[in-house]
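Scroll down for the structure; my scribbles are underneath it.
The values are calculated or read from the model by the stated rules, or taken from the named source; none is laboratory data. Please read these numbers as outputs of a predicted model, since none were measured by experiment. Glycine also receives a Cβ, built like all others from the backbone with ideal geometry; neighbour counts cover every protein chain displayed.
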Amino acid sequence: MSKAKFSASRRRFMQTAGAAVAMTALGPLSFKQAQAAGKYTIGVVYVGSRSDYGYNQSHAEAAASLKKMPGLKVVEEEKVPETVAVQKTMEAMINEDGAKMVFATSFGYFNPHVLKMAAKYPAVHFAHCGGLWTDKDPKNISSFFGYIDECEYLSGIVAAHASKSKKLGFIAAKPIPQVLRNINAFTLGAQSIDPSITTHVIFTGDWSLPVKEAEAANSLIDQGCDVLTCHVDGPKVIVETAEKRGVYTCGYHANQASLAPKGYLTGAEWNWATPYKILTDAAVAGKAPVNFLRGGLKEGFVKMSPYGKAVSDKAKKMADGAKAGMMKGDFVIFKGPLKDNAGKVAVAEGVKLGQQDPVLEQMNYLVAGVVGKI
Amino acid sequence: MTGSGLGLWGIPLEVLAGAIRVSTPYLLVSLGECITEKSGRINLGLEGVLVMGAMAGYATSLASGSPWLGVLAAGLVGALFGLLHGLLCSMPRVNDIAIGISIMLLGIGLAFLLGKPLIQPQAPTLGAIPFGFWSDSPQIRSALQINPLFLLGVLLAFVLHYAFRYTRWGMRLRIVGDSEDAARALGYPVLPTRISATMLGGFLAGIGGAFLSLYYPGSWNEGLSSGQGIIAVALVIFARWEPLRCLWASLLFGAAGALGPALQSIGITSAYYLLNAAPYFLTLAILIATCAPNRTLQGAPGELSLVR
């Protein structure tokens, strides 16, 4: 009796196990077919933590806005290094999850990883943040980015009004073109108010090194800098350190006003939801991808933090004036004659580099008035 | 001259201030590891304990509103991890280095997982004692803002130095660490001594983590430690298991870390990658200088799996 019972349960076990095996074998296939009929799957890859109160979070918020759109399914993976690992992640999203579109959000993903994957999967649409797409690259890549240097220029104007020592501090991670463009725009904005202003730069060497960022902030403050800003993944530590030491800050990536109620002047923020929506709408509608998508304040790709308490009316007026020019689209930040801080001509006299000019995305100099070397 | 820069004179001040600010986690972790290694075990997992302590301290401070309660919680979590390491390594044929690495991965992974909601909120942080009240220079005042945990660490280094040499407790610990057979012959309990030494090491490492998240830089995020726990373990080896040398080595490391930003702030920026690598460079240089193939590490506890 007991033996019969055992064999019955064993048979049932075998049946269940068999069914489970069949399910796992067939599961993805039927799931994928269901998806093909229903939802459009989008993959999003982040280099850091999705909740870093900075760069990655700004992208995660845009991804969250995609999730609210009907007919879309979003799969995400965070902390994917800028190595062959990102290729594996993208392949997994395409093959396992059936992603038709992949957002690769870190600068270093572009060459060679996104380029390789785009060539291998011509039917998938790749959207990369910050890469410089050229005609030779695969046509299924969209390179998108925001002209956040416009916000940096406006922050520079506000910082110049707040500074008494006329020394500004900038804590940057790595000397890549986008970072240099921000440092330069911040400095030019400040110099538009007072040409004698200098910006002191410290490069920490990586995107997230909190102890080094705090050290850098303290060093700059000790050297007399009284407004700090930064280009690192998570500005929280820098904003908090500056507040403790009683100096002003301009934020980056997101609004950090709540961290420094006294010293937060304004800040440059991303609004990635705009390009995400433009690219996704086009892809879902089956249109050919836009290969090169850029926008600034006017297009709603970036925005300013509301002015803090310490910002004077005069500063607001000057910054709002420049902002109005940017919203009209005729404001030029980088125009000749412009020298770099080694004395060489960076932009020749009479030359105006509009925001869309790809030359600006290859920036490899610091303008005169910046103390620091690349 | 208030509000203006110090120029070149700022560098020594910056480096001194940096040494005091940055060295505390190195100091607490290395003193903890020193106790553990004196008992004959090596706990490589202190990086994980440090990160876990930082997370637990921040969470407790946020929830309770008291940063000192956070420090205590960080220490207790650290001791718990130490207990885990101690118990696992007490089983036969278990390698303490392998367990240490798994404790490290466990601690980091768990802290990142549980720490997700802690990145954005601001927890109350620890204060500092203003030893620079006599000066009217804001730079000096700021440099001499000293956290009590640093003073505790310095005091502990001296106490341990004395205790290892002149107390019964220290002698027992050293005997257990130097020769298990001798300890057994003298009737000293080997395993309980080692387990409690590992717990004490974990406790101190946890507090080191709380210093990171609750004082300097004073915020929780995933890049917070970036390997400081591992460096501190290496530091014990070239401090040759001497608490006072741990103190000097920690200060040296703090100073080396502060040098790069300090030089860049006055515009000396050439070779900043090299300067940023100064602490690691220093580790290598000291290890090469102190190790030679024709002699073993001086002062190493005899039971340590490193030297056995």
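Out of B:L69, B:L8, B:L87, one residue alone is within 14 Å of another protein chain (Cβ to nearest Cβ) and either surrounded by fewer than 18 Cβ atoms within 10 Å (Cβ to Cβ) or modelled with pLDDT of 95 or more (or both). It is B:L8. Within the option set A:G146, A:G169, being within 14 Å of chain B (Cβ to nearest Cβ), in contact with a strand residue (DSSP E or B) (Cβ under 9 Å, 6 or more places away or on another chain) and touching a residue at least 60 places away in the same chain (Cβ under 8 Å) holds for one residue only, A:G169. So, in the stretch B:141-178, exactly how many residues are surrounded by fewer than 17 Cβ atoms within 10 Å (Cβ to Cβ), assigned to a loop (DSSP other than H, G, I, E, B) and within 14 Å of chain A (Cβ to nearest Cβ)? So the count comes out to 0. Restricting attention to the stretch B:231-281 and to residues that are touching a Ser or Thr at 6+ places or on another chain (Cβ under 6 Å) and within 22 Å of A:G169 (Cβ to Cβ), the residue that is surrounded by the most Cβ atoms within 10 Å (Cβ to Cβ) turns out to be B:S265.
Among the residues making up the stretch A:248-271, those that are over 21 Å from A:A173 (Cα atoms) and either assigned to a loop (DSSP other than H, G, I, E, B) or of a type in the set (D, E) (or both) are A:A260, A:P261, A:K262, A:G263, A:N271. Which is farther than 27 Å from A:D320 by Cβ, outside any strand (DSSP E or B) and either among the basic types (K, R) or more than 11 Å from every other protein chain (Cβ to nearest Cβ) (or both), of A:K212, A:K164? Going through A:K212, A:K164 in turn, just one is farther than 27 Å from A:D320 by Cβ, outside any strand (DSSP E or B) and either among the basic types (K, R) or more than 11 Å from every other protein chain (Cβ to nearest Cβ) (or both): A:K212.
Before we move on, is B:E222 among the acidic types (D, E) and more than 30 Å from A:V201 (Cβ to Cβ)? Judged against the criteria, B:E222 is not a match. Within the stretch A:50-94, the set of residues being among the polar types (S, T, N, Q), touching a Lys or Arg at 6+ places or on another chain (Cβ under 6 Å) and either away from chain B (no Cβ under 14 Å) or touching a residue at least 60 places away in the same chain (Cβ under 8 Å) (or both) comprises A:N56 only.
Looking across the stretch A:228-238 at every residue that is of a type in the set (V, I, T) and more than 11 Å from B:S219 (Cα to Cα), the one that is nearest to the other protein chains (Cβ to nearest Cβ) is identified as A:V232.
Among the residues of the stretch B:276-287, is there at least one that is modelled with pLDDT under 85, part of a helix (DSSP H, G or I) and under 23 Å from A:T199 (Cα atoms)? Yes, that holds for at least one residue. Residues that are within 14 Å of chain A (Cβ to nearest Cβ) number at least 1 in the following helices (runs of 4 or more DSSP H) confined to the stretch B:179-245: B:190-214, B:228-238. Scan the stretch B:143-163 for residues that are under 19 Å from B:I195 (Cβ atoms) and in contact with a Phe, Trp or Tyr (Cβ under 9 Å, 6 or more places away or on another chain) and the total you get is 1. Filtering the stretch A:72-95 to residues that are under 13 Å from A:V47 (Cα atoms) and in a strand (DSSP E or B) leaves A:E76, A:E77. Among the residues making up the stretch B:48-76, those that are more than 16 Å from the chain's Cα centre (by Cα), of a type outside the set (A, V, I, L, M, F, W, C) and either within 13 Å of B:L126 (Cβ to Cβ) or not in a helix (DSSP H, G or I) (or both) are B:Y58, B:T60, B:S61, B:G65, B:S66, B:P67, B:G70.
Summed over the stretch A:29-49, residues that are more than 14 Å from chain B (Cβ to nearest Cβ) and at pLDDT 90 or above total 6. Can you confirm whether A:Q356 is over 29 Å from A:S163 (Cα atoms) and not aliphatic (A, V, I, L, M)? Criteria met by A:Q356.
The set of residues from the stretch B:78-96 being under 19 Å from B:A232 (Cα atoms) and within 18 Å of the chain's Cα centre (by Cα) comprises B:G78, B:A79, B:F81, B:G82, B:H85. Being at positive phi and either surrounded by 22 or more Cβ atoms within 10 Å (Cβ to Cβ) or at pLDDT 95 or above (or both) is true of A:K166. Looking at B:L191, is it of a type outside the set (S, T, N, Q) and more than 30 Å from A:D233 (Cα to Cα)? When the stated conditions are applied, B:L191 passes them. Taken together, the criteria place A:A260 among residues that are of a type in the set (G, A, S), within 11 Å of chain B (Cβ to nearest Cβ) and either at negative phi or in contact with a Gly (Cβ under 8 Å, 6 or more places away or on another chain) (or both). Only one entry in A:K344, A:K323, A:K339 is over 29 Å from A:S143 (Cα atoms), surrounded by 13 or more Cβ atoms within 10 Å (Cβ to Cβ) and of a type in the set (D, E, K, R), namely A:K339.
Of all residues in the stretch B:90-121, those satisfying the criterion of being surrounded by 15 or more Cβ atoms within 10 Å (Cβ to Cβ), under 23 Å from B:W68 (Cα atoms) and at pLDDT 90 or above are B:G107, B:I108, B:L110, B:A111, B:F112, B:G115, B:L118.
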